[in-house]
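A quick write-up on the structure given underneath.
The values are calculated or read from the model by the stated rules, or taken from the named source; none is laboratory data. What you see is a predicted model; the values in this text were computed from it and never measured. Here the Cβ positions follow ideal geometry from the backbone for every residue, glycine too, while neighbour counts run over all protein chains shown.
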Amino acid sequence: MDLAGQDEGSEPCTDRLISASAAFEGSEEIAAARDMARGFLTSLQAVHGLPVSKRAMGMVQLVVSELVTNARKYAPGPCLLTLEAHQGAVEVTVWDSSTTLPAVMAPDPGRIGKHGLEIVMAVCRSFEVHREPVGKRIKVAVVLADDPGGDVAGHKVM
C-alpha cells in the first residue's frame, strides 16, 4: 500500500494528500480490498491524527466491497482501487475496463440481490461516474467523522 502524507508526531494532515492504491484481479481479492480500506483508515487515525468514526470505518469497507465486487463481476481484467483522504472524507475510486455505466435500479424490497449501488449511493456524500478512454471510473466520498451534535456524518437528522 502506498501511503503519502505527513511524518509521525506532527499535527493532523489537512492540506496534504494521503492516498493508497492497489490493483485487484480475482474475486478472492475483494476481502483484500476491504483489508486495504481498514488499514488505510487505521493509518489516517494512528499516523496522521485524522478522526475516523466507527460508522465511517464500516461504511468505507462496505463501499469498497460493493464497488470492487461490481467491477470484478461485470468487467474483464483487473480493477484499480484508490483511497484518498480529502476535506474530511475518504474518496473511494474504482476503475474497471467496462465502458457500460452502472444502472441504478428503483428500490424494491422484494428484489433479491442487485442492491449494492443503491446502498453505496445511500451512504456516500457524493457519487460520480466518469467514462474513461478505456473503461470507467466510479468515485464516491464517505465523511470520516460524525457530527459532534450526534448527526451521522454528512446527513442532518430531521
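Computed quantities for the displayed model
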| item | result |
| --- | --- |
| Answer residue from the stretch 13-66, given it is among the aliphatic types (A, V, I, L, M) and part of a loop (DSSP other than H, G, I, E, B) and is nearest to VAL142 (Cα to Cα) among those | VAL52 |
| Residue in the stretch 80-89 that is buried (at least 18 other Cβ atoms within 10 Å of the Cβ), farther than 20 Å from SER27 by Cα, touching an Asp or Glu at 6+ places or on another chain (Cβ under 6 Å) and modelled with pLDDT of 95 or more present | yes |
| Pick from the stretch 115-158, criterion crowded, with 17+ Cβ neighbours inside 10 Å, at pLDDT 95 or above and charged (D, E, K, R), ranking: farthest from SER21 (Cα to Cα) | LYS136 |
| Among (1) farther than 28 Å from ASP146 by Cβ; (2) without any contact (Cβ under 8 Å) to a residue 24 or more places away in the chain; (3) of a type outside the set (Gly, Ala, Ser) - the single one LEU80 does not satisfy | (2) |
| Any pair with Cβ under 9 angstrom, 6 or more apart, that starts in the stretch 18-39 at a residue that is more than 14 Å from GLN61 (Cβ to Cβ) and ends at one that is among the basic types (Lys, Arg) and surrounded by fewer than 19 Cβ atoms within 10 Å (Cβ to Cβ) | SER27/LYS73 |
| Criterion (among the hydrophobic types (A, V, I, L, M, F, W, C) and modelled with pLDDT of 95 or more) met by exactly one of LEU62, LEU50 | LEU62 |
